[in-house]
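Right, one structure below, let's go through it.
The values are calculated or read from the model by the stated rules, or taken from the named source; none is laboratory data. This is a predicted model, so every value here is computed, not measured. Virtual Cβ from ideal backbone geometry, glycine too; neighbours counted across all protein chains shown.
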Amino acid sequence: MNINNLFQIAVAKKASDIHLVVGLKPYLRVDGMLTILEQEPEVIRSEIEKQVFSLLNPSQMERLKTNLELDLSYETSDKKRFRINVHYEKGNLGLVARIILSDIPSMEELNIPKVAYDLLSLQQGLILMTGPTGCGKSTALAAMIEYINQNQKRNIITLEDPIEFLFKPKQSIVIQRELGSDMLSFKAGLKHIVRQDPDIIMVGEMRDLETIAATITLAETGHLVLATLHTYSAAQTIDRIIDIFPPYQQAQIKQQLASVLSAVFSQRLVPNIKGGRVAAREVLINTPAVSNLIRENKITQIPTVIETNGKIGMISMDKALKNLQKEGLISKENMDIYSTDAILD
């Protein structure tokens, strides 16, 4: 087994992920489906250790030894980039690698809703890109950052774990900071970021209470903040943010979130009839009505507001799926499978 050869195979087959598990042949995820590389030998313990350790520098080796898990970015000699997770299972090393596109796709190529263009011109606020793992949140967020980079003169600072897409400064300055090498934690990075004169801040993932609290505070203090969260709908996103705080802080966080939230994009990738996958997106815009619902903790009414405000760019997931089905991009079966009712069931 040669891990760089596997990376090349994955790129050639347009896979999104590579899975290496001791005792199994390598697997690729192509168009959302796992496929086995039959021509490759089974992964054995000594070989995966040799191959994985060849990717790591001494600092990363030490972090893996201490934490038994490691996230890193890796670039091959021909400039192909990967986001890699190294972990242990049953005492053996395992690896999952996500292939990162060489070129940052445009918002047009990703068919990101038109309302997003106006939102990206805001001077402050909080824009959230949400959805399950592997739904393209990072790619959509990168397209938004690149749009700002090409069209606005702003100082953009990203906090990532690890750095995925590499931005080349154009109209904007783009500073990319990676967890572990450029900052000790998201909390620490966010604490000091205001001293770096940012206009736009991108938080790779709001993963804990401290990061969420710091992100919301930054959006309050005159910055436009873009971030991701692992939730399946706009309403659940708001619930998740509120619920992560202890009860005595929830009234305050409702007030803060109601005032700083700009929009929530909730995304899923659905198999395309023509091959590949296509994004279906629910869009919530924070209008005065939505702000009141957040303050009064009437989150269950948000889906109704989304349904009745299509004229200003809001759209429910079910409506987005129906539109894709009408356009002939997804099947009726997949429209039903990915509907809100199916997920809630």
Residues that are surrounded by fewer than 19 Cβ atoms within 10 Å (Cβ to Cβ), within 21 Å of P132 (Cα to Cα) and not basic (K, R), drawn from the stretch 179-220: E205, D208, L209
Test: residue in the stretch 307-329 that is surrounded by fewer than 20 Cβ atoms within 10 Å (Cβ to Cβ), of a type in the set (S, T, N, Q), within 24 Å of S138 (Cβ to Cβ) and under 23 Å from the mean Cα position of the chain (by Cα): no
Which listed residue is surrounded by 22 or more Cβ atoms within 10 Å (Cβ to Cβ) and not charged (D, E, K, R), from T237, T304, T287, T300: T237
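Quick check: anything in the stretch 35-46 over 25 Å from D161 (Cα atoms), surrounded by fewer than 14 Cβ atoms within 10 Å (Cβ to Cβ), of a type in the set (K, R) and modelled with pLDDT of 95 or more? First the steps, then the outcome.
Step one: list which residues in the stretch 35-46 are over 25 Å from D161 (Cα atoms), which gives 35-46.
From the residues that got through so far, the ones that are surrounded by fewer than 14 Cβ atoms within 10 Å (Cβ to Cβ) too are 35-36, 38-39, 41-42, 44-46.
Imposing the further condition that a residue be of a type in the set (K, R) reduces the set to 45.
Narrowing the set further to residues that are modelled with pLDDT of 95 or more leaves 45.
Yes.
Residues are listed down the side, and each one gets a yes or a no for (1) aromatic (F, W, Y); (2) in a strand (DSSP E or B); (3) more than 19 Å from N4 (Cβ to Cβ):
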site	(1), (2), (3)
H87	no, yes, yes
S102	no, no, no
E109	no, no, yes
T133	no, no, yes
N149	no, no, yes
T158	no, yes, yes
F167	yes, no, yes
Unmet criterion (only one of (1) in contact with a helix residue (DSSP H, G or I) (Cβ under 7 Å, 6 or more places away or on another chain); (2) closer than 18 Å to A140 by Cα; (3) of a type in the set (G, A, S)) for A289: (2)
Checklist (1) of a type outside the set (S, T, Y); (2) crowded, with 23+ Cβ neighbours inside 10 Å; (3) touching a Gly at 6+ places or on another chain (Cβ under 9 Å) applied to P271, failing item: (2)
Cβ pairs under 8 Å, 6+ apart, first in the stretch 239-264 and over 10 Å from L126 (Cα atoms), second surrounded by fewer than 18 Cβ atoms within 10 Å (Cβ to Cβ) and basic (K, R): K254/R295; Q255/R295; A258/R295
Qualifying residue in the stretch 125-143 (condition: at negative phi, at pLDDT below 90 and not basic (K, R)): yes
Test: residue in the stretch 114-135 that is more than 20 Å from L261 (Cβ to Cβ) and among the hydroxyl-bearing types (S, T, Y): yes
Index of the failed condition, L95 passing every other in (1) in a helix (DSSP H, G or I); (2) crowded, with 18+ Cβ neighbours inside 10 Å; (3) not small (G, A, S): (1)
Pair list, Cβ < 6 Å and 6+ apart or interchain, from the stretch 279-305 residues that are farther than 29 Å from N334 by Cβ to residues that are buried (at least 19 other Cβ atoms within 10 Å of the Cβ) and charged (D, E, K, R): I294/K254; R295/K254
